[in-house]
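Accompanying notes for the structure given below.
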Amino acid sequence: MDGSNLRQSARTCTRFLTTALDRDWDNRIPEMDWTVRQAVAHIAEVLLRYSVDLSAGSKELSTLNLSVRPTEEPESLVATLTGVATLLGHVVDSVQPGQRGWHPSGLADASGFAAMGCDELLVHTHDAASGLGLTFDPPTVLSNLVVRRLFPRAPTDTDAWQTLLWANGRIALADRPRQAKWHPHPAPLTEWDPAENRIDQPW
């Protein structure tokens with residue numbers, strides 16, 4: 001995955017959020033402690049953090065406090081989301097081949113950060129939609145790209161968007177229970193060991 005996938009995901013999410021600017025963004029999201037405002041601010045913060053982490057290399061940085069004010073107006077939060085997604089896309093597309101950045105789930109390459117950025121955008125926009133009483137349904141191709149890049153153990157015979165939500169612990173999937181623990185695989189897929197693909201193993 002690359003910056004073009006990030007930009008497409010950002011456009012998908014911001015177009016959706018823009019249609020709901022007149023709704024109550026102070027609503028709590030079901031099963032979460034966040035309001036809609038806080039969820040959207042969180043997406044922006046994480047994308048900004050990913051831009052720094054990929055740029056900085058493999059050592060974790062603890063020197064920066066990166067935050068987005070959730071108290072801002074919804075329109076400003078959406079504009080911020082566009083800006084930081086564009087920034088991360090540029091970083092993903094411009095780093096040297098093989099560049100890795102720190103992440104608690106493993107040293108991620110550019111495609112891993114692109115996929116994690118898309119995952120943040122899509123899944124947390126779903127959360128925001130829930131808080132707004134709406135349904136968010138992104139393009140299947142984006143959901144499938146993210147699932148296959150970050151969750152190689154996920155089933156391949158189920159709906160891609162539902163599978164992505166399941167992989168992020170949001171829903172149950174067919175006969176598979178809701179995930180209590182999960183984590184992505186942001187390192188290159190060549191480093192994933194298929195022998196670890198046990199049904200009973202948590203993410």
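The values are calculated or read from the model by the stated rules, or taken from the named source; none is laboratory data. Since we're looking at a predicted model, the values are computed, not measured. With ideal geometry, Cβ positions are generated from the backbone for all residues, glycine too; neighbour counts draw on all protein chains shown.
Quick check on region 53-76: of everything there that is assigned to a loop (DSSP other than H, G, I, E, B) and hydrophobic (A, V, I, L, M, F, W, C), which residue is nearest to residue 109 (Cα to Cα)?
61
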Qualifying positions in region 86-96 - free of Cβ contacts under 8 Å to residues at least 12 places away in the same chain and in a loop (DSSP other than H, G, I, E, B): 96
Consider residue 162 against the criteria (1) touching a residue at least 60 places away in the same chain (Cβ under 8 Å); (2) touching a strand residue (DSSP E or B) at 6+ places or on another chain (Cβ under 8 Å); (3) part of a helix (DSSP H, G or I): it satisfies all of them except one. Which criterion is unmet? (1)
Would you mind stating whether residue 83 is in a helix (DSSP H, G or I), out of contact with any strand residue (DSSP E or B) (no Cβ under 8 Å at 6 or more places or on another chain), surrounded by fewer than 17 Cβ atoms within 10 Å (Cβ to Cβ) and at pLDDT 95 or above? yes
Consider residue 127 carefully, then state whether it is more than 24 Å from residue 23 (Cα to Cα) and modelled with pLDDT of 95 or more. no
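Residue-by-condition table, conditions (1) in contact (Cβ under 8 Å) with a residue 60 or more places away in the chain; (2) surrounded by fewer than 21 Cβ atoms within 10 Å (Cβ to Cβ); (3) in a helix (DSSP H, G or I); (4) over 12 Å from the mean Cα position of the chain (by Cα):
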| residue | (1), (2), (3), (4) |
| --- | --- |
| 118 | yes, no, yes, no |
| 125 | yes, no, yes, no |
| 128 | yes, no, yes, yes |
| 133 | yes, yes, no, yes |
| 137 | no, yes, no, yes |
| 141 | no, yes, yes, yes |
| 148 | no, yes, yes, yes |
| 152 | no, yes, no, yes |
| 155 | no, yes, no, yes |
